[in-house]
Amino acid sequence: MFKFLKEVVAGSGSGLKDFPYTIGEPYASAWGSWTHHRGISKDDGSPVSIFSLSGSNPQDRHLVAGRNGVKRLRTVRHPNILSFLHSTEAEVPDGPAMKHTIYIVTEPVMPLSEKVKELNLGGTQRDEYFAWGLHQISKAVSFLNNDCKLVHGNVCLASVVVTQTLDWKLHAFDVLSEFDANNEASGSPMLQFEWLVGTQYKPMELTKSDWASIRKSPPWAIDSWGLGCLIFELFSGAKLARTEDLRNTASIPKSLLPDYQRLLNSTPSRRLNPSKLIDNSEFFQNKLVETIQFMEVLNLKDSVEKDSFFRKLPNIAEQLPREIVLKKLLPVLASSLEFGSAAAPALTVLLKMGSWLPADQFSIKVLPTIVKLFASNDRAIRACLLQHIDQFGESLSAQTVDEQVFPHVATGFSDTTVSIRELTLKSMLVLAPKLSQRTISGSLLKYLSKLQVDEDPGIRTNTTILLGNIANYMNDGTRKRVLINAFTVRALRDTFPPARAAGIMALSVTSSYYEMTEIATRILPNIVVLTFDSDSDVRTKAFQATDQFLQIAKQHHEKLTTGDTMVAESTGVQLKPGNAGLLGWAMSSITQKGKPSDHGSISTANASNSQVSATSAATPGTQASTVGYAPSTSSSFDQAAPASARSSVDGWGELEDGNIQEENGSDKEGWDDVDPFDDKPSPSLLSNIQAAQKRPVVQPKQAVANSAKSHQLKAQKSEDDPLWGPIAAAPPKSTSKPADIKPSTSNNDEDDLWGAIAAPAPKSSGKPLKAAAANSDDLWGAIAAPPPSTKARPLASSGRGRGTKPAQPKLGAQRIGRTSSTGM
């Protein structure tokens, strides 16, 4: 036998040269004289089953019956009948002699007897699985008897095989024949190959070869008896040895016993029809059978039934045999989702079942379906995928994410639904590590630039958090262009307190990426301002971040002092232990209280009834807490919230979707043009005021005001300058805004540090200036020079005063007591 198998596997024999399958090891059992082999397709490597039958000559009666079985299996098609793939007949050498062999190739199956031992089920789970298997075999027998008017002739345990999805299928069609009821008086055999059937499986009329009685009986009489034999062998766990053993009903379930006895009725005409066995028996009414039957007709169910079914399915799956769930229910569920017949709740069940699989099996059975679902237009399915992306995201390959998943996920960034935009944003924490630099720089950062000016404050906050968490996946050039501008210019100036807090924490977490010059000139000045923020959480984080960056600056100073200049320039920044690690999501849902203007450009619908859920990320282990934010009291340091509806003063323009280029390294992510600070450090406000107190106060020339680089006003030389010295030292003590002179080319009023100490225009003639009279709180009006004694033309306002805007006056003090004092 082993020599025979070796020769067959090697492809010996003239008839097997073109056989497109490789024959493997045989199973221990098979029906009749057939041998059941494992096999593999030579084309695609898929598994198959190969049945072989050998005879000494082509006219061997076993081969003749085998050819009948091949013909019947090829022509009869049913979901519960073994699927035929290929057949051939060849001469195979067996030592000095030649043997004729028939090969049948089918879908991969294994004998039922071996599968039952492998599953090793017991109790209720065994009965439920047996009920499902008998349900399938009964449907196959009913199809043959009632629809095709065929008689199988030998239904038993050996004639049933099990597929990879644990479905039972009927085969062994060698005895199969038409039911000849027209010749009732004929005594000729109706079943030509009934001699193949074992005596223990034959009913009394077949044992006596009473063909006249058989022809008068219903078509299912013989096969109903066979179903009874199958039930006995299943529950007894032993092969039927003799017919008398069928009377032993101790192992038969009580709910099935009445139908079992009707199947084995001694009168053929009174035997139970297999179709009624399915409908009448209480044994088939269990969770497994009902669940599989519902899923098989899922297309016929309405949305309400589907939704109710899939919400109950997770609990039901927990009670069913695990292997049956994974091998039977999981493939059916995946197929239903892929072809659109299942609702979104089915995805949750699929992921739960998939979590019971090993990692390699999950990638084969579940991931392909999930990747296809990302292209779905069903918003509910897309939302469910994004909600559970942490369950399967690690199993996705980088190529699959970059080429197949991200293009579909990215559509959620511009979705009209806030929840979809938020879920898409959060999914990037899982997907970003698998994206290429080309995709991050050319696509992802452009979407994040738009989300940082989103109308929803929670999305703005979480965008800042995401940028801090994915900073290590950016290249150095991208980090320099993006991080500081995103965190300082936008996040720290957002009117939503959690957004400002997120900006501070993002700066702390990414501190290792900044040079000392950037820390001193761009980061610390913006963080220190927030130490007296209206929100206590923002203030706390601002103090923590200030301490962290000052410690970094101190370490840099110590290294420079010791002469280790190269190390100081290259070591960068060390993270403070309390701020190390990933930032947690600050927002889960957003609720506005107060006026919409309190949080920037937030839509009225979102501003009216929402709740803020903020998670503090100051130190690891901080627990999430829900905080209701009331409108914060505005201060002179509160910045306007970013908004897409208004023009941005920080240099960020709106990102055009059509302008997204895929050039890595040269394209701009939306942060490139944001640089609110000059390359040189600006003097502090206090030092400017102190310096101004020591020099005469004069009005700046227009040419000087138009200069964007100069931060000091040049005083005009005038012979009356000493007259203004004694009164220029006292700065205004009022909190109201003084008359400021904003340069026409400047985009940022905060850079005009001299505006707070500029002197007002001097009075001319007998009429007071309108700008000075418009505001009685202007303390500078009390120290203005007295009007000249002669009538002169009135001086024009500087253009930034109150009231009307006359022509711009020239700078200089007025000489007192002259006949003509124009100040020109």
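For the subset of region 415-444 comprising residues that are among the polar types (S, T, N, Q) and more than 19 Å from ILE465 (Cα to Cα), which member is surrounded by the most Cβ atoms within 10 Å (Cβ to Cβ)?
Checking each candidate, the answer is THR439.
Checking ARG74 against (1) over 30 Å from ILE214 (Cα atoms); (2) outside the structural domain of PRO274 (by the TED database); (3) without any contact (Cβ under 8 Å) to a residue 40 or more places away in the chain; (4) not hydrophobic (A, V, I, L, M, F, W, C): exactly one of these is not met. Which one?
The failed condition is (1).
Confirm whether LEU448 is under 21 Å from ASN526 (Cβ atoms) and assigned to a helix (DSSP H, G or I).
It is true that LEU448 is under 21 Å from ASN526 (Cβ atoms) and assigned to a helix (DSSP H, G or I).
Restricting attention to region 70-116, and to residues there that are of a type in the set (Gly, Ala, Ser) and touching a helix residue (DSSP H, G or I) at 6+ places or on another chain (Cβ under 7 Å), which single residue is least open to solvent (accessible area, probe 1.4 Å)?
ALA90
Of all residues in region 281-290, which are touching a helix residue (DSSP H, G or I) at 6+ places or on another chain (Cβ under 7 Å) and either free of Cβ contacts under 8 Å to residues at least 60 places away in the same chain or buried (at least 17 other Cβ atoms within 10 Å of the Cβ) (or both)?
SER281, PHE283, PHE284, ASN286, LEU288, VAL289
Is it fair to say HIS37 is in contact with a strand residue (DSSP E or B) (Cβ under 7 Å, 6 or more places away or on another chain) and either crowded, with 20+ Cβ neighbours inside 10 Å or at positive phi (or both)?
Answer is yes for this residue.
State yes or no: is GLN125 assigned to a helix (DSSP H, G or I) and open to solvent by 20 Å² or more (accessible area, probe 1.4 Å)?
yes
Filter region 252-270 for residues that are open to solvent by 50 Å² or more (accessible area, probe 1.4 Å), within 10 Å of GLY228 (Cα to Cα) and among the polar types (S, T, N, Q) and give the result.
Matches in region 252-270: GLN261 only.
Please give the helices (runs of 4 or more DSSP H) falling wholly within region 177-257 in which 1 or more residues are over 29 Å from THR75 (Cβ atoms) and within 58 Å of the chain's Cα centre (by Cα).
In region 177-257, the matching helices (runs of 4 or more DSSP H) lie at 221-236.
Can you find even one residue in region 228-250 that is among the β-branched types (Val, Ile, Thr), in contact with a Gly (Cβ under 8 Å, 6 or more places away or on another chain), in the same structural domain as GLY133 (by the TED database) and open to solvent by less than 30 Å² (accessible area, probe 1.4 Å)?
No, the conditions are met nowhere in region 228-250.
Within region 510-534, track down each residue that is of a type in the set (D, E, K, R) and over 20 Å from ASP494 (Cβ atoms).
GLU515, GLU518
May I ask you to say which residue of VAL92, VAL105 is modelled with pLDDT of 95 or more, part of a strand (DSSP E or B) and not polar (S, T, N, Q)?
Step by step, each of VAL92, VAL105 is checked, and only VAL105 is modelled with pLDDT of 95 or more, part of a strand (DSSP E or B) and not polar (S, T, N, Q).
The values are calculated or read from the model by the stated rules, or taken from the named source; none is laboratory data. These numbers come from a predicted model, not from an experiment. Note: ideal-geometry Cβ built from the backbone for every residue, glycine included; neighbour counts use all protein chains shown. Accessible surface is based on the protein model in full, side chains and every heavy atom, while ligands, DNA and RNA are left aside. Shrake-Rupley method; radii C 1.70, N 1.55, O 1.52, S 1.80 Å.
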